[in-house]
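Each remark here refers to the structure printed beneath this line.
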């Protein structure tokens, strides 16, 4: 279950002999995840902030942990970090039989392969999320697969019907996996983590490119022309912004505090009150913002410090030479950024000063689902066909480099 105050009840549906009944609720507190990066941009809120388990970029022990190179011409997805493992999907080259991707589980300490599995589909693209010791992988065709995180065993597989394009990462939260898809308008799906059953669907305009942002207040999506939504956990529209136009794509919102940050599809980014949908302000960013004491934006290849209330007001600093390509992530008061040329930077969130840098030796590609992860005392960075991990643990052995073929690492 997601962190927070929760309640559990037993419900009996009734029979010819006994009436239906529901027990009194038992309330309990679910503690926060420890050192987990379980979704695109760290967490289901997509706010790029790691509360615990981020490495100390100024530690004398901060250095390369491991590097893994997958097959030629492959592309590594954004990583997840959970349960002592790093999870990624590998987008593989076309083959005569169509194309497929794979999901890989690597040991977080060494980068060695714990398990891997092929994910069939007609397009070489898949995305992933983690919750409840399960990894959920979604291919572009709309097949959602649940794997046991420890072993790679398939628990269930579900083809989501009604749409044909599923570009955005899934989000797993509090027993549901939320997925947006498009092709015939758009659809938001809520899928049971336990069984793969579709619990409910809701129409949206138009469904592609927006990874659902989720927290205790509901499910949020942002599409072209600022067709922006908040749904309840039962699929009810809590509010919807409809400016009278629409398009085919969207972008991933970010939730932080009482606000939601939405970018539509190349539209002017807006800030809403989560509860009411009231527009509060605006901001400028080419990617989902990250948050700590301030908001950290990707603007024209630079990271800019800005007020969380937006309004176009920049904060204390900007960093970069115009070549930064991935959305920032934040942990331990450090902002992490990556350039197209493979330079990885740790930036002091207060001053904007560079405190650490390294080059991964590979060109870094941007894109709507490209990103880093923080957790388990690691910073994990995808770059082309290479995945690199950096950290501050004294348990680390010297740098390990693992060559790999066809998306299956060998050690």
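Report note on the peptides 209-215, 130-136: ranked by the mean count of other C-beta atoms within 10 Å, highest first, their order is 209-215, 130-136.
Kirkwood Rh over Cα pairs of the chain into Stokes-Einstein at 20 °C, 1.002 mPa s: D in µm²/s? Mind showing how you got there, number by number?
Numbers: Rh = 21.5 Å.
Rounded to a whole number, D works out at 100 µm²/s.
Residue order for 334, 78, 268, fewest other beta carbons within 10 angstrom first, comes to 268, 334, 78. Here 201, 171, 318, 74 are placed in order of increasing Cβ neighbour count within 10 Å, fewest first, which gives 318, 201, 74, 171. A protection proxy built from the mean count of other Cβ atoms within 10 Å ranks the segments 279-292, 365-378, most packed first, as 365-378, 279-292.
Summarising the label geometry, the points placed 7 Å from Cα in the beta-carbon direction at residue 58 and residue 363 lie 3.6 nm from one another. Each part gets one Cα centre, and for region 226-248 versus region 161-182 those centres are 16 Å apart. Each Cα pair under 8 Å and six or more residues apart adds its sequence gap; the mean of these over the residue count of the chain is a relative contact order of 19 percent. Scaling the Cα radius of gyration of region 183-276 by the globular reference 2.2 N^0.38 Å produces a ratio of 1.02. Counting neighbouring Cβ atoms within 10 Å and putting the fewest first, the residues 109, 7, 241 line up as 7, 241, 109. When each of the peptides 142-152, 8-18 is scored by how many other beta carbons lie within 10 Å of its residues on average, the order from highest to lowest is 142-152, 8-18. Quick one: if the Förster radius is 30 Å, what FRET efficiency do residue 279 and residue 316 give, using the C-beta to C-beta distance and rounding to 0.05? Efficiency for this residue pair is about 0.70. Take the Cα of residue 245, go 7 Å toward its beta carbon, and none of the backbone nitrogen atoms of region 163-204 fall under 16 Å from that spot.
Read-outs throughout are calculated quantities, based only on the coordinates presented, and are distinct from any laboratory measurement. Quick caveat, the model's predicted, so the values are computed rather than measured. Counting neighbours? That spans all protein chains shown, and the Cβs are built from the backbone with ideal geometry, glycine included.
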